[in-house]
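Heads up: the structure comes next, in structure tokens.
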Ligand SMILES: Nc1ncnc2c1ncn2[C@@H]1O[C@H](COP(=O)(O)OP(=O)(O)OP(=O)(O)O)[C@@H](O)[C@H]1O
Ligand SMILES: [Mg+2]
């Protein structure tokens, strides 16, 4: 046990938490914006995969990392728009459409990847982002190198949390988002377009999911593999509930999950006893389920979540 | 007083929902400073017409003129821009957001941020002008219904409304709150605002409005130019097309006690708790429970219907002691119940009407056998009730939520009365119903009374209680502060007791 405790306060361990948390934070914030507006986006898993693919491809073809990030964001936003088209404009079932978007995006990602790269024995990879130490701050012992010697996408995730809170709670648009998620009729009668606001929130959410995908293929793995996302999208959906649809809490939930995941990785590596490594792999997911069960008892979802808005219906 | 130049004019408005013609060639105008009453039976098309004016529904035909100029109103945003504000029958508020947030929705911010200071200043200003004060930082869920309505009015004024539409604003208010609303409305009219006021309570309409338009089956059935000097029964005839005779309550011959409560107290679980409540209702008697809502009426209804278990006291139904307080037990003892909120606790709005109508007795042999439902029996029962109570709907398989308020209430009544209850408890039995439907319900209660049922009516409308009940008990802060014989009770006296003054009964 001592071994484990010692490792917790290592630079590498802290840095690992941050790195695992980053894509989760993007994805969770993305899902949160969508759900705050009343739209569950189960397309998240597929949107992350497809964005990871387009981001990776754009970079590997152009050599520009930022072009890749842009491609991923645009992909995410587009798939968000597709989901919004079905669920917001046409008012179809959010569950069915979301799963449809995931299946379609995943399939499309595999297909395009094969089409572009063919079947190679050594999967193509790209030269990833370099870490970007922040002067002064990165010299703080332990915390500095772990938190302030990171990739620019990590800093973006850190900035995204307060920014999301600011947008959601302090801007007229954020108020509209919360209102259409609580009582769309109230927003409508106050002159706010429910359809437009929901579209915007779902598209913004998709763009954030795209960033999550970009981080996976362009920073974390430097390559695109079919198992790249492996459930992180679903985890994000749980984290939104865990975070009670609040940016700060959601980010906190992502960090907590990342902590358990990083711990699990360390425990695997330290070869604790003869426990099969799959047991450790389960840990973060068991944690999520337990945390959800405890927290979601008094979590209140946006009242209009899952409910399509049709003006002339009563 | 009204000036001749209309603020808003609607011409030839027609709107259908499928086969239902909700509005047909309706003309209507409002002048600045004028309070226009809009009357009509349930389903006459009042709300639909106002939704057309407010841009929520697109009319099939007709035009709208604002200060003489034709405008197209395709959305609420257009309506607001044209200076039209609306307070809906069911409020359009987000309960979990604050008063100020509900107010500022859709208002452009200042340098990208929500303009909190500006919002507060306007809120205070409007509050001072018309006596409509509100705490800006409370969540809407913490407001009373009257305060929520105030917020809706302030919201409309905040957006610069010059015409304010109020759809049955008084249906949800206590009598004292109605006075406050009326003085605010008069103050707005005095400043040149036009107001459209919808209500089923004709004495309110006569007291407040300058002119009335009466709708029947979607068409204008008549206009009243001097409501104050027109009698309620004349207005009622315009609305329904025939005379409405108030039912006469004959002398009662009360029998044995059907329902008794002795020293009932509840814990303060949600809302006001009951404190040492004792009452009794005899066969062939109607007992009214008066009081400003939120003074324990809900807890009382819940205890009597077996939904809530009291922690002290004893209750009997038809002479038998209620031991376990479950809905099933009190039903078996002969209790029938019509809850306050027809939509949420009364009927299952997404199920066919027939299913909802047998729900409390779904397990009895009449409707299920060997654990399986008997759809034919359920349907036949519903069909018979629909006929007997003249419930207007396409058929027993209609979604209950699609029925109008009056018809929903009739369905609930039919469901309870079909099983000949010994005791009936009803809350706000005619809230939102037109006078014809209300009369019908009153007659049914009096029938039940004549047949020896003991009836408890919880309500806020004192006139209705005085007309219907043999005795009236007044609740205040979870207690019964007094019980009066309705023969010698007056509205003033009851009103005073509702504010906590001790009664003399
Ligand atoms: N959104 C809708 N979809 C279908 N039918 C509707 C809709 N709104 C109203 N109707 C129908 O149109 C008619 C007029 O309804 P409306 O709500 O305007 O009546 P109202 O005069 O406001 O009645 P109440 O006094 O009960 O409020 C009714 O037959 C109603 O069933
Ligand atoms: Mg109406």
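The values are calculated or read from the model by the stated rules, or taken from the named source; none is laboratory data. Note that the structure is a prediction, hence the values are computed from the model and not measured. In this analysis, Cβ positions are derived from the backbone assuming ideal geometry, glycine residues included, and neighbour counts consider all displayed protein chains.
Odds and ends about this structure:
- For region B:189-204, the set of residues classified as at pLDDT 95 or above, surrounded by 19 or more Cβ atoms within 10 Å (Cβ to Cβ) and away from ligand 2 (no atom under 14 Å from the Cβ) consists of B:189, B:193, B:194, B:195, listed by residue number.
- Scanning region B:72-106 for residues that are in contact (Cβ under 8 Å) with a residue 60 or more places away in the chain, closer than 13 Å to residue B:56 by Cβ and over 25 Å from the mean Cα position of the chain (by Cα) yields a total of 1.
- Selection status of residue A:226, more than 14 Å from chain B (Cβ to nearest Cβ), part of a helix (DSSP H, G or I), more than 16 Å from ligand 1 (Cβ to nearest atom) and touching a helix residue (DSSP H, G or I) at 6+ places or on another chain (Cβ under 7 Å): no
- Those residues of region B:215-240 which are within 13 Å of ligand 1 (Cβ to nearest atom), surrounded by fewer than 20 Cβ atoms within 10 Å (Cβ to Cβ) and either in a loop (DSSP other than H, G, I, E, B) or within 14 Å of chain A (Cβ to nearest Cβ) (or both), in sequence order: B:217
Rundown of residues vs (1) on the phi > 0 side of the Ramachandran plot; (2) free of Cβ contacts under 8 Å to residues at least 40 places away in the same chain, yes/no style:
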residue: B:168; (1), (2): yes, no
residue: B:175; (1), (2): no, no
residue: B:179; (1), (2): no, yes
residue: B:182; (1), (2): no, yes
residue: B:189; (1), (2): no, no
residue: B:194; (1), (2): no, no
residue: B:198; (1), (2): no, no
residue: B:207; (1), (2): no, yes
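- For region B:1-48, filtering for residues that are in a strand (DSSP E or B) and more than 16 Å from ligand 1 (Cβ to nearest atom) leaves 8.
- Against the test of being within 14 Å of chain A (Cβ to nearest Cβ) and either within 16 Å of ligand 1 (Cβ to nearest atom) or surrounded by 22 or more Cβ atoms within 10 Å (Cβ to Cβ) (or both), the options B:433, B:424, B:403, B:412 yield a single qualifying residue, B:403.
- Selection from region A:260-301 of residues that are within 14 Å of chain B (Cβ to nearest Cβ), surrounded by 12 or more Cβ atoms within 10 Å (Cβ to Cβ) and at pLDDT 80 or above: A:301
Every residue, every condition in (1) more than 11 Å from chain A (Cβ to nearest Cβ); (2) within 30 Å of residue B:117 (Cβ to Cβ); (3) within 16 Å of ligand 2 (Cβ to nearest atom), yes or no:
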position: B:9; (1), (2), (3): yes, no, no
position: B:20; (1), (2), (3): yes, no, yes
position: B:34; (1), (2), (3): yes, no, no
position: B:77; (1), (2), (3): no, yes, no
position: B:87; (1), (2), (3): no, yes, yes
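- Residue match in region A:302-312 (condition: on the phi < 0 side of the Ramachandran plot and loosely packed, with under 12 Cβ neighbours inside 10 Å): yes
- Flag for residue B:83 being touching a strand residue (DSSP E or B) at 6+ places or on another chain (Cβ under 8 Å) and under 30 Å from residue A:313 (Cα atoms): yes
- Odd one out for residue A:196, checked against (1) within 14 Å of chain B (Cβ to nearest Cβ); (2) surrounded by 15 or more Cβ atoms within 10 Å (Cβ to Cβ): (2)
- One residue alone among B:473, B:438 is closer than 24 Å to residue B:177 by Cβ and not in a strand (DSSP E or B), and that residue is B:438.
- Positions within region B:81-111 being assigned to a loop (DSSP other than H, G, I, E, B) and over 18 Å from residue A:179 (Cβ atoms), in sequence order: B:82, B:83, B:89, B:111
- Residue within region B:382-399 that is within 25 Å of the chain's Cα centre (by Cα), within 16 Å of ligand 2 (Cβ to nearest atom), within 29 Å of residue B:43 (Cα to Cα) and not in a strand (DSSP E or B) present: yes
- Any hit, region B:315-324, residues being in a helix (DSSP H, G or I), under 30 Å from residue B:499 (Cβ atoms), at pLDDT 90 or above and in the same structural domain as residue B:461 (by TED's automatic domain parsing): no
- Listed by position, the helices (runs of 4 or more DSSP H) enclosed by region A:92-185 that each have at least 1 residues that are within 14 Å of another protein chain (Cβ to nearest Cβ) are A:152-170, A:172-182.
- Any hit, region B:114-126, residues being in contact with a strand residue (DSSP E or B) (Cβ under 8 Å, 6 or more places away or on another chain) and either surrounded by 17 or more Cβ atoms within 10 Å (Cβ to Cβ) or more than 7 Å from chain A (Cβ to nearest Cβ) (or both): yes
- Condition broken by residue A:189, with the remaining ones in (1) in contact (Cβ under 8 Å) with a residue 24 or more places away in the chain; (2) within 14 Å of chain B (Cβ to nearest Cβ); (3) more than 19 Å from the chain's Cα centre (by Cα) satisfied: (1)
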